[in-house]
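To start, the structure under review is shown below, and the notes come after it.
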Amino acid sequence: MQTIEMTVRASEPSQRTAARIAGFLYLFLMVTGVFAEFYARGSLIVPGDAAQTARNIAASERLFRIGTVSDLITFAGDAILVWALYVVLKPVNGNVALLAAFLRIAECAILGVITLNDFVVLRLLSGTNYLRAFETQQLQGLARLFVGVQADGYRIGIVFFGLGSTVFSYLWLESRYIPRGFAAFGILASLLVAAGVLAIMVFPGLAPVVTPAYYVPIMIFEIALGLWLLVKGIQAPVIE
């Protein structure tokens, strides 16, 4: 009779704590990120209309600033999330976990830096004396330019997010801390993010179709993973 040896990959208390932190952050940062991008920013920016966009931002400056702060909270929280994921998944493969962490930290750094564009927009629309050398339409056009640069920088950061998320999802697959089919879906959704954003960079006209196609799967994965980690945490899997 053939004997099958089975071992258990034990999870340390620090891993279990980090998993709960990661679960909370996945859900919390989803709220702050969606608020910043789809409400605070999305309700003010009018595609193809620099003048109306400028008027909206000037009239709702506080909302625009709250959106910027919400973005910064999201990016800082992402860095903590990366740390938590690294703690959980380092025992699976330390080198691969480090690669995933580097990719995600690059994302956080890029997104943090491009937030400076928001403050440039506010300065351009502030009506300060030194701006009287410019015509109103010039200031509105420049403000819209920096809004667009911020969006382009955001896409660059999202490429690193997609790659880092792919690697972390691979580690989830190997760890068996979550169902393997769930982790496989995470790999697919993460790759779709990176591929979708790169496709938009080459073919900007595809953005209205491609953006929802990659946003929805990754949102489903991150919300579900957040709930799983927060409610169930990680369990020591039996490995054959």
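Worth a mention:
- Any hit, region 201-212, residues being open to solvent by less than 40 Å² (accessible area, probe 1.4 Å) and in contact with a Lys or Arg (Cβ under 6 Å, 6 or more places away or on another chain): no
- Some residue of region 53-62 being in contact (Cβ under 8 Å) with a residue 12 or more places away in the chain, within 30 Å of Gln15 (Cβ to Cβ) and out of contact with any helix residue (DSSP H, G or I) (no Cβ under 6 Å at 6 or more places or on another chain): no
- Counted as qualifying within region 37-145 are the helices (runs of 4 or more DSSP H) with 3 or more residues that are within 26 Å of Tyr170 (Cα to Cα), namely 61-89, 94-114.
- Close pairs from region 127-144: first among the polar types (S, T, N, Q), partner at pLDDT 90 or above and assigned to a loop (DSSP other than H, G, I, E, B), Cβ under 8 Å, at least 6 apart: Gln140/Leu125
- Filtering region 117-167 to residues that are open to solvent by 80 Å² or more (accessible area, probe 1.4 Å) and farther than 29 Å from Ile105 by Cα leaves Asn129, Tyr130, Arg132, Ala133, Phe134, Glu135, Thr136, Gln137, Gln138.
- Boolean, Leu85 is open to solvent by less than 30 Å² (accessible area, probe 1.4 Å), touching a residue at least 12 places away in the same chain (Cβ under 8 Å) and on the phi < 0 side of the Ramachandran plot: yes
- Test: residue in region 99-116 that is open to solvent by 70 Å² or more (accessible area, probe 1.4 Å), under 19 Å from Met201 (Cα atoms) and of a type in the set (Val, Ile, Thr): no
- Count of residues meeting criterion [hydrophobic (A, V, I, L, M, F, W, C) and surrounded by 15 or more Cβ atoms within 10 Å (Cβ to Cβ)] in region 220-235: 7
- Taking region 27-52 as the range and being in contact (Cβ under 8 Å) with a residue 12 or more places away in the chain and exposed (fewer than 15 other Cβ atoms within 10 Å of the Cβ) as the test, the residues that pass are Tyr39, Ser43, Ala51.
The values are calculated or read from the model by the stated rules, or taken from the named source; none is laboratory data. This structure is a prediction, so every number in the text was calculated from the model and none was measured. Cβ: placed from backbone, ideal geometry, glycine included. Neighbour counts: every protein chain shown. For the accessible areas, the whole protein counts, side chains as well, though only heavy atoms, and no ligand, DNA or RNA atoms are used. Shrake-Rupley method; radii C 1.70, N 1.55, O 1.52, S 1.80 Å.
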